[in-house]
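Written out below as structure tokens is the structure these notes cover.
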Amino acid sequence: LSANIKCGVMSWLFTGAVKGLGSPEQESLWLPRITSGQISGMFAMTELGHGSNVRNLETEAIYDSITQEFVINTPRPSARKAYIGNALHGQYATVFAKLIVQGKDRGPHAFLVPIRPSSSLSSSSSSSSSSAAGASSSSSSSSSSSSSSSSTFPGIHIEDLGHKGGLLGVDNGIITFSNVRVPRENLLNRFASVDPAGNYIPKIESDNTRFNTMLMALTGSRVALSGVSISVSKVALTIAIRHAARRVQFGPTKK
């Protein structure tokens with residue numbers, strides 16, 4: 001079951017976000033690396049204070065036109081990304097955050113954020129590798145997972161959510177961002193983009209229609225996860241019924 005969930009995070013959620021929200025050019029760039037196993041990822045939408053209330057997410061992505069980068073921040077504890085699968089081992093995350101350009105909040109958008117270099121999964125790695133992964137940070141020191149030796153890039157702190165009964169192979173975590181910089185090109189821009197000068201260019205003019213269209217692109221992944229839950233429930237129920245039919249709780253000994 002743990003392996004099934006981890007595969008689901010990679011195949012349906014992380015990969016699904018790139019396919020559903022990325023432009024054709026971004027798909028051509030990222031999908032071969034993802035499907036070949038060169039990079040692993042996670043899906044960072046849920047926040048401690050908001051759950052599935054995507055419209056009111058608090059994580060911020062502020063565009064810096066001087067460096068042509070987005071600055072990802074967790075402004076308050078309730079904005080921490082929570083229950084994120086593959087948090088202790090994933091190299092990238094599709095992070096949903098409020099896009100702020102020229103001082104205006106453009107609502108939730110998805111960004112590809114490097115979390116840790118691939119070499120850190122087996123040994124500690126220098127933070128200078130961040131530029132090769134498409135990330136930089138103004139933070140002066142690197143944060144690391146509280147329960148994993150895998151070093152994260154500067155400005156990223158990950159906490160292990162700990163023991164999960166029956167799902168010990170699932171590494172859910174809480175992620176906090178502090179001035180984490182990603183290139184302008186890392187905005188998944190199938191429905192909207194930002195030009196170098198900081199002008200917001202929507203492909204769909206209506207904010208509500210654009211927001212709903214972005215979420216609709218992820219529907220297939222959520223339906224797939226629901227299907228897995230039903231399958232697991234069937235197996236659990238079968239095991240429980242068979243056990244109940246055989247178990248003798250108390251009573252006279254059979255002769």
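Numerical summary
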read-out	value
Residues of type aspartates and glutamates that Lys104 reaches as a straight line, Cα spacing below 12 Å, ignoring anything fewer than 8 places off in the same chain	Glu60
Length-normalised contact order for the stretch 1-84 - Cα pairs under 8 Å, 6+ apart - percent	25
For the stretch 1-118: rounded, prolate or oblate by the Cα gyration tensor [a/c cutoff 1.5]	oblate
The stretch 1-125, accessible surface, carbon-and-sulfur percent (1.4 angstrom probe)	52
Around Ala240: net Lys/Arg minus Asp/Glu count, Cβ-Cβ under 13 Å	+4
Mean Cβ count within 10 Å, highest first, over the residues of peptides 61-72, 21-32	61-72, 21-32
Phi-based couplings in Hz for the stretch 77-87 (Karplus 6.51, -1.76, 1.60; Gly and Pro marked x)	x, 5, 8, 5, 6, 10, 6, 7, x, 6, 5
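The values are calculated or read from the model by the stated rules, or taken from the named source; none is laboratory data. Model, not experiment: these values are computed from the prediction. A quick note on method: Cβ atoms are made from the backbone with ideal geometry, for glycine too, and the neighbour counts reach across all protein chains shown. What goes into the accessible areas is simple: the full protein's heavy atoms, side chains included, and nothing from ligands, DNA or RNA. Shrake-Rupley method; radii C 1.70, N 1.55, O 1.52, S 1.80 Å.
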